[in-house]
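A.B. asks: Before I ask anything, here is the structure I am working with.
The values are calculated or read from the model by the stated rules, or taken from the named source; none is laboratory data. If you're wondering where the values come from, they're calculated on a predicted model, not measured in any experiment. With ideal geometry, Cβ positions are generated from the backbone for all residues, glycine too; neighbour counts draw on all protein chains shown. Areas reflect the complete protein model, heavy atoms only, side chains present, ligands, DNA and RNA absent. Shrake-Rupley method; radii C 1.70, N 1.55, O 1.52, S 1.80 Å.
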Amino acid sequence: MTVARITTALLIATVLSGCQTFTGQGDNDSLSESELLESEHVSVPAGDDELQASVEGHPSEDDTTELDDSIEPSLKSKAAKARERLEQPTENNVASEDVTHDLWSHLRGQFGMDLTLDNERIEQQLRWYASHPRYIDRVAKRARRYLYYILKQTEDRGLPAEYALLPVVESAYDPFAYSHGRAAGLWQFIPSTGRVYGLNQSWWHDQRRDVIDATDGALEYLDALADRFDGDYMLALASYNSGAGTVLRAIRHNKARGLPTDYWALDLPRETRAYVPKLIAIAKIIDDPQAYGVTLPPIPDKPYFEVVDTGSQIDLAQAANLAGVDIEEIYLLNPAYNRWATSPEGPHRLLVPVDNADQFRKGLASLDPSQRVSWKNYKVRGGDSLIKIAHNFGTTPDVIKQVNHLRSNLIRVDQRLLIPTSTKGNASYALSASERLKDKQASINRNAKGTRIEHTVQRGDTFWDIARDNHVSVRQLARWNGMAPGDPLIPGKRLVIWSKDPDTQQLAMAGRRSPSEMMRKVGYRVRKGDSLARIASRFNVNVKDIASWNSLNLNNYLQPGQSLVLYVDIRRSP
């Protein structure tokens, strides 16, 4: 079978099963919209507070360090490079003198909320924004690629135009924003809420970061929340942040005491009490920027991007070449993609700048379907495994199995495998997940304090245990490895740790065993009177870990003679 004979249909059909849906730890996979509208989940947006801290802490610098903390490294490019591109001038900017008829003017004309409100919480936010015009300038520049589309969608749904400014609060209009609460994208969807609106995660992409899909999902959610509260947009916004169940509970509390039940009177979480005032304050500034000493960068009142049907999977570097733009522009408009190509399962579309759309369509039409994704004819060597081969070529074992019609993971030496690969070198995919993580960790290596060690994840490991053993915080450990604390740990994954533990440093400097090598697999036979708590205490491990290692139900009793497997740290066990 030669590469030239691979058809577009084969490209789609054979790689399709590589799109495995991820379900994060602790997520409710079967959450319905009705259940969501009773939720009491409080969401802390990723971009706003961190960018404020960045601007406020270093007003004379183009600082990105603190903002980087709010963006998952494995889902973001070099933070500085991506952010620089987000804030750079774009080719379709309007002239600076033509500011009276740009998109800001259109936006003002569609405002539907009461911006005459006089409230101390709003004033507090206004004072900060007015004294930090650099913040407004930066988020406004970031919004240029997306604001026209989002405003158009709010208008089509009959929603107030202020909703188009909500990504300022949620993500600072950074499509790669990722909070430590596992919320992603412009609209900061957590996995479970995203799935309610069809925003699924896979090895290939994360639809929570998709500009079109996430915007549709967010506005549908906001519309449902407005209906839930009889058209009260304030309560709908508060519910988007803290969950409708939280707002309903606060309303019932006030009703029982004969108190008002409007947003301003409710006893809500601290984050939610500031959430709506932030949006109103930003809308007030957009409505009358001169009154607050702010100059808005002009944005043309026309689409920035066009949606082009690709028909099948396509290499992103190939797409950039066909469209006549660089790979960064493709990633900024299509931030959902984790890898070097679009998802084989679809959607088969790409957003490209309007001025390049026709060129891209013509390029697609003239391109042999077999060249949309490159293929490698690989000969299996001694010591190879599907996992190893998949890692080397940036794909998954499932993709290789499906392409080659394998029924199991067994392969033999000299066997020929057809493997989908990128058309360009890794440097061309600087915004892809693996390259973003490499760049982030390289930056940390230059600035981190402590001793760099690596820990190989073993079955039963948790972020908390690893962080505790190395005297670092869970948040630090997750950030160093491009993850969120709630992400699942896969056995065999290597984690980077910057330890300040003197014992760990001495071990590393002496060339002795790292903490990961201090872990031992221990067989234990349950004795009369034993309990999980007693065994956990004896070996200094966690009860839940013992249950996980042995697939135990915590509600069941242990039986004398029962065999258990434990993974213990020999430094901390008897």
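A.B. asks: Starting from the Cα of R452, step 7 Å along the direction of its Cβ; do the same at R134; then give the gap between the two resulting points in nm.
C.D. replies: Those two pseudo-labels are separated by 3.0 nm.
A.B. asks: Work out from phi, with θ = phi - 60° and the Karplus expression 6.51 cos²θ - 1.76 cosθ + 1.60, the ³J(HN,Hα) of each residue of segment 159-173, listed in order in whole Hz, and give x for Gly and Pro.
C.D. replies: 9, x, 5, 4, 4, 5, 8, 4, x, 4, 6, 6, 9, 6, 6
A.B. asks: A further question follows. Stretch L410-D358 to full length: gain in nm at 0.36 nm per residue minus the Cα-Cα span? All intermediate terms of the calculation are to be shown ahead of the outcome.
C.D. replies: On the way: separation 52, 0.36 × 52 = 18.72 nm, distance 4.59 nm.
My answer for the length gained is 14.1 nm.
A.B. asks: How large is the accessible surface per residue of segment 223-367, computed with a 1.4 Å probe and reported in Å² as a whole number?
C.D. replies: 37 Å²
A.B. asks: Rounded to the nearest 20 Debye, what is the dipole magnitude of segment 243-305 about its Cα centre when Lys and Arg each give +1 and Asp and Glu each give -1 at the C-beta?
C.D. replies: The calculation lands at about 400 debye.
A.B. asks: For L115 paired with K528, estimate the spin-label separation in nm (one decimal), with each label point 7 Å from Cα along the Cα-to-Cβ line.
C.D. replies: With each label placed 7 Å out from Cα toward Cβ, I get 7.9 nm.
A.B. asks: Just want the answer: with Cβ charges of +1 for Lys and Arg and -1 for Asp and Glu, which residue in P353, N334, S370 is farthest toward the dipole's positive end in segment 328-384?
C.D. replies: S370
A.B. asks: Structure shown: which of K401/K493; K362/K388; K376/K521 lie over 28 Å apart, alpha-carbon to alpha-carbon?
C.D. replies: The answer is K362/K388; K376/K521.
A.B. asks: Separate question: If we sort 162-169, 209-216, 456-463 on the protection proxy, mean other Cβ atoms within 10 Å, highest first, what's the order?
C.D. replies: Peptide ranking by packing, descending: 162-169, 209-216, 456-463.
A.B. asks: Using the Karplus equation 6.51 cos²θ - 1.76 cosθ + 1.60 (θ = phi - 60°), what ³J(HN,Hα) coupling, rounded to whole Hz, does each residue of segment 194-211 give in order, writing x for Gly and Pro?
C.D. replies: So the J values, rounded to whole Hz, are x, 5, 4, 10, x, 9, 9, 10, 9, 4, 7, 7, 10, 5, 5, 9, 6, 4.
A.B. asks: Still on this model: R0 = 51 Å: FRET efficiency of D288 with L367, Cβ-based, nearest 0.05?
C.D. replies: FRET efficiency, D288 to L367: 0.55.
A.B. asks: What's the magnitude of the charge dipole for segment 173-310 around its Cα centre, counting Lys and Arg as +1 and Asp and Glu as -1 at the beta-carbon? Answer in Debye, nearest 20.
C.D. replies: 840 debye
A.B. asks: Taking amide H positions as placed 1.01 Å from N in the peptide plane, with prolines and chain starts having none, which residues 5 or more places from T421, or on another chain, fall under 5 Å of its amide H?
C.D. replies: S374, W375, K376
A.B. asks: Next question, about the same structure. Can you give the relative contact order of segment 329-423 as a percent, counting alpha carbon pairs under 8 Å and 6+ residues apart?
C.D. replies: 31 percent
A.B. asks: For segment 126-139, what does the Karplus curve 6.51 cos²θ - 1.76 cosθ + 1.60, with θ = phi - 60°, yield as ³J(HN,Hα) per residue in whole Hz, taken in order and with x for Gly and Pro?
C.D. replies: Coupling constants for segment 126-139: 4, 4, 5, 4, 5, 8, 10, x, 4, 5, 4, 4, 5, 5 Hz.
A.B. asks: Does segment 161-312 come out rounded, prolate or oblate by the C-alpha gyration tensor, with a ≥ b ≥ c the root eigenvalues, rounded set by a/c under 1.5 and, if not, prolate when a/b is larger than b/c and oblate if not?
C.D. replies: oblate
A.B. asks: To continue, here is another question. So what is the relative contact order of segment 196-326, in percent, for Cα pairs below 8 Å that sit 6 or more residues apart?
C.D. replies: 11 percent
A.B. asks: Another question, then. Please state the relative contact order of segment 296-364 as a whole percent: Cα pairs under 8 Å, 6+ residues apart? Show your work: numbers first, answer last.
C.D. replies: Details: 87 pairs, mean separation 32.8, N = 69.
Answer for segment 296-364 is 48 percent.
A.B. asks: At 7 Å along Cα-to-Cβ for each site, give me the label-to-label distance between R270 and K302 in nm.
C.D. replies: The two pseudo-label positions are separated by 4.8 nm.
A.B. asks: Whenever you get a sec, line up R475, R257, R349, R142 from highest to lowest accessible area (probe 1.4 Å, protein heavy atoms).
C.D. replies: From most exposed to least exposed: R257, R475, R349, R142.
A.B. asks: Which shape class applies to segment 182-243: rounded if a/c is under 1.5, otherwise prolate when a/b exceeds b/c and oblate if not, where a ≥ b ≥ c are the square roots of the Cα gyration tensor eigenvalues?
C.D. replies: It comes out prolate by the Cα gyration axes.
A.B. asks: Taking the alpha-carbon centroid of each part, what is the distance from segment 242-317 to segment 156-176 in angstrom?
C.D. replies: So the two Cα centres are separated by 6 Å.
A.B. asks: How much of the accessible area of segment 268-358, in percent, comes from carbon and sulfur atoms when a 1.4 Å probe is used?
C.D. replies: 43 percent
A.B. asks: On to the next question. Place the peptides 384-392, 309-317 in order of packing, highest mean first, counting for every residue the other Cβ atoms within 10 Å and averaging per peptide.
C.D. replies: 309-317, 384-392
A.B. asks: So how do E345, E271 rank on accessible area, 1.4 Å probe, biggest first, that is with the largest at the start? Working shown, then result.
C.D. replies: Working: E345 105, E271 25 Å².
Reading off the accessible areas and sorting them downward yields E345, E271.
A.B. asks: I'd like the carbon and sulfur percentage of the solvent accessible area for segment 144-198, probe radius 1.4 Å, heavy atoms only, ligands and nucleic acids excluded. Before the final figure, lay out each step's value.
C.D. replies: Details: 440 of 970 Å².
Its accessible area is 45 percent carbon and sulfur atoms.
A.B. asks: Quick check for you: with a 1.4 Å probe and neighbouring chains kept, what is the accessible area per residue of segment 107-162, in Å²?
C.D. replies: 40 Å²
A.B. asks: Given the peptides 261-267, 244-250, arrange them by the average over their residues of other C-beta atoms within 10 Å, most packed first. Walk me through the numbers on the way to the answer.
C.D. replies: Numbers: 261-267: 15.6, 244-250: 20.3.
Result, highest mean Cβ count within 10 Å first: 244-250, 261-267.
A.B. asks: With every protein chain in place, what's the accessible area of E35 (1.4 Å probe, Å², nearest 10)?
C.D. replies: The accessible area of E35 comes to roughly 90 Å².
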